[in-house]
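Asks: The structure follows.
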Amino acid sequence: MIKRIEKILKSKGVDKYKIREINEEKYEAYYSLQKLEATRNTESLTYEVTIYLPLGENQMLGSASFNLPYTMTVNQIAKKVDEAISSAQIAVSPYYELVEGVGRKTFKDSFVLEKPLEEIDKVANIFFKETSENKKFNSLEVFYKQATIRLVNSKGVDYKKISSVIEIEAIPSYDGVKKEDPSNQKVELYKYYKYPTLDKEKMQKDAKEALSDVEKRFNAKKIDFKGKKNVILRDSDLNELVGNLISLYSYQAVFSKATDKKIGDVIQDAKRGYDKLTVTLMPGSKADRFDGDGVLLEKTVVLDKGVLASYFGNNQYAQYLGLKPTGNMRFRKLEKGKKSSAELKREPHIEIISLSGIQVDPYADYIGGEVRLANYFDGEKSYPIFGFSFSGSLTESLKEISLSKETKKTTSYEMPSYALLKDLNIL
């Protein structure tokens with residue numbers, strides 16, 4: 001199919017292109033009220049094609065993309081190419097060259113379930129075994145995916161990645177009666193998990209935490225205090241904070257003059273005794289070794305102990321800046337801190353369990369978020385709370401940030417399990 005597409009492209013005068021072949025097999029199981037409702041097994045083979053047209057004596061480059069199912073005929077493909085050629089003459093950008101290949105390469109990081117639907121059912125039961133009479137999973141969806149992705153372009157790229165993953169979407173619920181509000185008898189939360197291996201111990205831990213969180217949500221009290229408090233972020237929100245922070249140092253941001261920071265500038269002026277941020281972008285697995293353009297991925301340290309060590313970004317904007325492309329990498333690693341989680345939680349604090357999304361604006365020197373659920377420790381006892389937001393100065397928060405020794409690794413990040421931010425405004 002790839003050779004057929006290439007032949008049609010060349011017959012139309014298109015000599016710059018990339019083709020992405022996606023071959024995916026998926027096993028799915030759907031549970032309602034902890035009973036199996038349906039299973040499904042699907043296979044798909046699709047092609048994503050992007051064409052590039054040099055325009056204006058190579059001063060500009062037009063591009064357009066389209067998708068093809070493997071069942072398309074030669075005439076149908078040719079019609080799609082004609083439509084893309086017309087679109088590419090409108091969607092233009094400054095000229096750049098495609099990534100040059102270095103021969104055929106295959107990267108693999110997968111695990112095989114011999115009887116996928118039976119194994120999926122065992123995974124579901126790991127979650128169900130942690131339930132009780134009033135703490136259950138109203139809905140659970142489990143997916144096992146195996147994918148082979150091949151990327152080919154007109155400059156010799158021919159790379160393949162083979163990977164597999166288990167994904168879970170869960171809705172834990174808690175049923176009960178609140179004395180102060182008899183009408184409030186049930187609450188639910190949404191949880192999403194992604195596992196690169198069949199890690200049953202991690203699954204059991206996640207199930208326990210999901211049910212614990214939904215119980216806390218049921219028992220949570222509306223906040224009755226304001227003022228400044230120490231706030232603890234968990235790993236997922238910390239990952240989002242880090243992503244927002246380093247986004248200003250992408251090649252695209254530098255090219256568009258969204259930042260005036262230069263390599264070697266101090267980004268985080270940490271006070272003595274607090275943790276300096278070291279952030280690295282890297283491949284997320286053995287299979288995740290090239291990006292959508294064909295750039296081979298390598299570790300890139302963006303922040304080194306609070307100092308800007310490198311810009312990063314894709315092939316297009318790297319060429320505009322005259323720099324080497326690092327590629328599009330989604331996996332972030334933040335180096336761990338000096339204190340244990342117990343030390344971070346010793347003083348009064350609010351530990352965020354669920355946010356509507358952390359808000360970070362380096363231009364306005366702002367950090368904040370609307371809190372759905374948190375734990376408040378007043379120095380003696382701890383209890384769940386909800387119904388508030390927090391805000392503060394991003395610069396000041398980073399001066400006095402403390403990271404835990406404990407870390408958590410997922411398919412998209414490796415972060416300290418907790419980060420303590422001092423004296424944020426509770427609203």
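Asks: Quote to one decimal, in nm, the extra length available between Glu201 and Asn244 on full extension: 0.36 nm per residue of separation minus the C-alpha distance between them.
Replies: Stretched fully, the Glu201-Asn244 segment lengthens by 12.3 nm.
Asks: Taking every pair of Cα atoms in region 1-56, average 1/r, invert it to obtain the Kirkwood radius, and report Rg/Rh to two decimals.
Replies: On the Cα set of region 1-56, Rg over Rh gives 1.34.
Asks: Further, regarding this structure: So if I average 1/r over every pair of distinct C-alpha atoms in region 52-187 and take the inverse, what Kirkwood radius in Å does that give?
Replies: 20.6
Asks: What number, rounded to the nearest 500 deg cm²/dmol, is the helix-based mean residue ellipticity at 222 nm of the chain, given -39500 (n - 2.57) per DSSP H run of at least four residues and division by all its residues?
Replies: That calculation yields -6500 deg cm²/dmol at 222 nm.
Asks: With a 10 Å cut-off between alpha carbons and a GNM built on the chain, which of Ala364, Ala258, Ala147 moves the most?
Replies: Result for the chain, Cα springs under 10 Å: Ala364 fluctuates most.
Asks: For Lys408, which aspartates and glutamates qualify as cross-link partners when the Cα separation must be under 17 Å and same-chain residues fewer than eight apart are set aside?
Replies: Asp199, Glu201, Asp206, Glu209, Asp235, Asp237, Glu240, Glu335, Glu351
Asks: State which entries of Lys136/Lys205; Lys135/Lys226; Lys194/Lys422; Lys202/Lys229 exceed 21 angstrom in Cα-Cα distance in the structure shown.
Replies: Lys135/Lys226; Lys194/Lys422; Lys202/Lys229
Asks: Same structure again: Could you list the square roots of 5 times each eigenvalue of the Cα gyration tensor of the chain, that is, the equivalent ellipsoid semi-axes, sorted largest first and rounded to whole Å?
Replies: For the chain, the semi-axes come out at 42, 31, 18 Å.
Asks: Separate question: Would you mind checking the tilt of helix 235-246 against the longest principal axis of the Cα atoms of the chain, expressed as 0 to 90 degrees and rounded to 10?
Replies: 50
Asks: Report relative contact order for region 1-106 in percent, whole number only (criteria: Cα-Cα under 8 Å, sequence separation at least 6).
Replies: Across region 1-106, relative contact order equals 24 percent.
Asks: I've got another one for you. Between Asp260 and Lys324, how high is the FRET efficiency from 1/(1 + (r/R0)^6) when r is the Cβ-Cβ distance and R₀ = 30 Å? Nearest 0.05.
Replies: That pair, Asp260 with Lys324, gives E of 0.85.
Asks: Right, next: Mind checking the full-extension length gain between Ala91 and Phe386? Use 0.36 nm per residue of separation minus the Cα-Cα distance, one decimal, nm.
Replies: 101.5 nm
Asks: For the residue pair Asn134 and Lys155, what label-to-label distance in nm results when each label sits 7 Å from Cα along the Cα-to-beta-carbon direction?
Replies: 6.3
Asks: Could I ask something else about it? If I build a Gaussian network model for the chain, linking alpha-carbon pairs within less than 10 angstrom, which residue out of Pro94, Pro172, Pro54 has the largest mean-square fluctuation?
Replies: For the chain, modelled as a Gaussian network with Cα springs under 10 Å, the answer is Pro94.
Asks: Further, regarding this structure: Mind checking the dipole of the chain: about its Cα centre, +1 per Lys or Arg Cβ, -1 per Asp or Glu Cβ, Debye to the nearest 20?
Replies: Using Cβ point charges on Lys, Arg, Asp and Glu, the chain gives about 660 debye.
Asks: Over 30 Å between C-alpha atoms is what I'm after, so list which of Lys271/Lys324; Lys145/Lys261; Lys18/Lys108; Lys257/Lys405 land there.
Replies: Over 30 Å apart, Cα to Cα: Lys271/Lys324; Lys145/Lys261; Lys257/Lys405.
No value in this document is a laboratory result; all are computed from the given coordinates. Remember, predicted model here, so these are calculated numbers, not experimental data. Glycine also receives a Cβ, built like all others from the backbone with ideal geometry; neighbour counts cover every protein chain displayed.
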